[in-house]
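Below is one structure, written out as structure tokens, with a few remarks after it.
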Amino acid sequence: MRIMQRVQQLEHAARALGWHGFLIPDVEVLGARFTAVARIRPEVHRWRSRNGWEPVLDPSGFRSWSEPRTHDHLPLPGVDLIGTLVPVTKSRRALRSCGSLMTLAPCTVVLPGDHPYRPWPLVELDYYGIGVVQSGTSGPAKLILSPEDRSPEFGSSPFTRWLLEVLYSRALERAADSAGNTTC
């Protein structure tokens, strides 16, 4: 699928979910590739800009953030991770594609608009709280299953905090680049 068609498909999916923010494509973590939907936190961004807290992209620095005696304060995350979108061609691939991502934020698989309805994989996805959207490149997407936010069950981690910094950096790039200003 062409890049612009993929972007349109993901924009339609995010709208069907009611997720508003920047589409941040090609994020790869935990062995999965996905598109994040993130929203810049304006008040936090202003504070961080005034105080010289640019996004911290080096993951090694986050170990010290978990030790209060070595680092007595942390900047707040500059973005909220609204959710993750994972395009898949078949619903049977959905659980494997979203398995580890559901620990970070609500995860939704995006099926092609012409994908046939099959109840079995959808029952399993519903059990795990994974959302399902059917989306083509034209017209609105169809919300099949709403995702659940299971991330509180797993708690926060230095890894999650580092990912928010990466997404903050990429969202700032999107905001600065009017051609790449892909929001939903």
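Structure notes:
- What the chain shows is 55 Å² of accessible area per residue, with the surface traced by a 1.4 Å probe over protein heavy atoms.
- In terms of Cα atoms, the Rg and Dmax of the chain work out to 17.1, 56 Å.
- Proximity of backbone amide H atoms, modeled 1.01 Å from N, is registered between G21 and C184 at under 5 Å, excluding neighbours fewer than 5 places apart on the same chain.
- Range in the chain, longest, excluding exposed trypsin sites (Lys or Arg not before Pro) [loop by DSSP; at most 13 other beta-carbon atoms within 10 Å]: 91-184
- Each of N51, I24, L104 was placed along the dipole of segment 1-181 (beta-carbon charges, centred on the mean Cα), and the one lying farthest toward the positive end is I24.
- Each DSSP beta bridge with both residues in segment 1-157 is either parallel or antiparallel, and the antiparallel ones are about 60%.
- Assigned charges on the beta-carbon of Lys, Arg, Asp, Glu; the chain dipole about Cα centre (debye): 360 debye
- Gain on full extension, evaluated as 0.36 nm per residue between D149 and R161 minus their Cα-Cα distance, stands at 2.6 nm.
- Note: relative contact order over segment 1-181, using C-alpha pairs below 8 Å and six or more positions apart, is 27 percent.
The values are calculated or read from the model by the stated rules, or taken from the named source; none is laboratory data. Quick caveat: nothing in here was measured; it's all calculated off a predicted structure. Please note: Cβ atoms are built from the backbone with ideal geometry, for glycine as well, and neighbour counts cover all protein chains shown. For accessibility, only protein heavy atoms count, side chains too; no ligands or nucleic acids. Shrake-Rupley method; radii C 1.70, N 1.55, O 1.52, S 1.80 Å.
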